[in-house]
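Everything on this sheet refers to the single structure shown next.
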Amino acid sequence: MSSYEAEILWQRGDQAFSDGRYSRGHEWRFDGGAVVPASSSPHVVRVPYSVAANVDPEEAFVAALSSCHMLFFLNLAQKRGIVVDQYRDVAVGHMEKNAAGRMAMTRVVLRPEIAYAGAAPSPETEAELHHESHELCFIANSVTTEVTVEPR
């Protein structure tokens, strides 16, 4: 078993709080030293109370799914002797009401564009790699969100 830790830090400073006019900007701090500026999404809390330039939890969720899928794809390709030169994904998450009527990230579409050294694998082999990557991805296995892959 492994455990993972992230420190989330928000500070009020000299802002009022009871009137709701406080910044949602905060930091995510990770054990390797990375500090990520974070905020609520401007789709949820309007600017200036959210910080549009910062990462929001919904974007991070989509990025985590995409990153996990990519890392398994690269590993599986390497094991099959397929050399990947570049993997680019512009993933999109869809926030909408779920079956219980609550707002949820119900769908995430991964749209990887992959450049290979030498000949690309057949479309069938690439589809197998994506399917296996999805089955192995820890993040995809941890959520109820529908995740689909639409290779470019």
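Taken together, the values in this text are just the output of simple stated rules run on the coordinates, not laboratory data. It should be emphasised that the depicted structure is a prediction, and the values quoted were computed from it without experimental measurement. A quick note on method: Cβ atoms are made from the backbone with ideal geometry, for glycine too, and the neighbour counts reach across all protein chains shown.
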Order of 80-91, 131-142 by packing, highest average Cβ count within 10 Å first? 131-142, 80-91
Helix-only [θ] at 222 nm, the chain, -39500 (n - 2.57) per DSSP H run of 4+, per residue, nearest 500, equals -8500 deg cm²/dmol
Calculate one ³J(HN,Hα) per residue across the range 128-141 by plugging θ = phi - 60° into the Karplus curve 6.51 cos²θ - 1.76 cosθ + 1.60, and present them in order as whole Hz with x for glycine and proline. 4, 4, 5, 4, 5, 4, 5, 5, 8, 4, 4, 5, 4, 6
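What percent does the relative contact order of the range 1-55 come to when contacts are Cα pairs within less than 8 Å and at least six residues apart?
It comes to 29 percent, rounded to a whole number.
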Taking max minus min of the Cα coordinates of the chain on each principal axis, largest first, gives extents in Å of 60, 39, 31
The chain, relative contact order in percent, only Cα pairs under 8 angstrom and at least six apart counted: 17
Provide the convex hull volume over Cα atoms per residue for the range 1-55, in Å³. 109
Tell me, what is the percent relative contact order of the range 73-143, built from C-alpha pairs under 8 Å that lie six or more residues apart? 32
Rounded to the nearest 20 debye, dipole of the chain from Cβ charges on Lys, Arg, Asp, Glu: 380
Relative packing of 23-32, 63-72, which averages over residues the other C-beta atoms within 10 Å, highest first: 63-72, 23-32
